[in-house]
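Written below as structure tokens is the structure these notes are about.
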Amino acid sequence: PGLDATALRGSTDARNWHWLAPGFPTIDQPAPANAAALPSLLRELDAQLPAGTALTVHVPDPLPGLDGARLQLSREVQWQPHALAVTAPPHTSQAPRLRTRSDAPAAALQWLGALQRAWSTQLLAAPLADDALPARGEIGVWTANDALPGTWQRWLQQGGTVLTPAKPPAGAPVLLRDADNAPLLWQQRIGQGRLLHLPGEWNVARNSALRDDGLPRDLLQALQPPSTPQLGDAQDQTPRQAALPAATPPLREPTAWLLLVIVLLFALERWMASSARRRAAP
């Protein structure tokens, strides 16, 4: 959908032309809305076509609807990209906003403020009052090493994110490592939220890890991993031909002669057993 199917077909009416859309309607029907992902449609079509059937696919360039994996099909595909203006969706992801408590140490506030400016050029938000909670989408910063209060724990379980300098529990997964491959940031899943552990003193003068120029970028990528690209060069997405796993041979039904042999062997065994009993009888 989106290409001029009639112009592409031209006079080659001998072929079967179909829209790459759910149900694979013929191009004599109106162009369907492009609601399904192209890779999944191609995999479905490849599975339905008989072996040896030639397949030519016409796609717009750049190509929308990518799922991040290079497509592999059971057959060789004639891949035909066609230049077409495609508007990419705007990038709406925003850098996270940090919210601390009013009792945070001055050295920690200085580093957190620098981190916030590196992410979004914005100043660190005003500290929260003692009984206040971060807003939805903000990262709550708990600068103490003690346990979270009950209100913060409930907010965390309901989907919030909290950053703390407390040591992670044993077995917590590592989310980020430093340049020497040493663990730097741990993540715990708490209900629907996540508790992030960046252990150590949050003081740039005493903690060399905080002075790493790449730390703000690495932290941001760990907290907000880049999304899978949905738009790409169509020529780079040419499907690869991959061998399908060998099919398991169907179970064979016993033939008539095999059934006859089984019956004869059973009859012979019964006859020999009865003969032995007769000879043993006084």
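Quick grid of which residues meet (1) touching a strand residue (DSSP E or B) at 6+ places or on another chain (Cβ under 7 Å); (2) of a type in the set (Ser, Thr, Tyr); (3) at pLDDT 95 or above:
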| residue | (1), (2), (3) |
| --- | --- |
| GLN122 | no, no, no |
| ALA125 | yes, no, no |
| ALA144 | no, no, no |
| ALA147 | no, no, no |
| THR151 | no, yes, no |
| GLN157 | yes, no, no |
| LEU163 | yes, no, yes |
| ALA166 | yes, no, no |
| GLY171 | no, no, no |
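Could you check region 171-223 and list, in sequence order, the residues that are of a type in the set (Gly, Ala, Ser), closer than 21 Å to LEU109 by Cβ and out of contact with any Asp or Glu (no Cβ under 9 Å at 6 or more places or on another chain)? Across region 171-223, the qualifying residues are GLY200, ALA205, SER208. Here SER11 qualifies as modelled with pLDDT under 85, assigned to a loop (DSSP other than H, G, I, E, B) and either of a type in the set (Ser, Thr, Tyr) or not assigned by TED's automatic domain parsing to the domain that holds GLN80 (or both).
The values are calculated or read from the model by the stated rules, or taken from the named source; none is laboratory data. Predicted model only: the values in this text are computed from it and were never measured. Here Cβ is always computed from backbone atoms with ideal geometry, including for glycine, and neighbour counts include all displayed protein chains.
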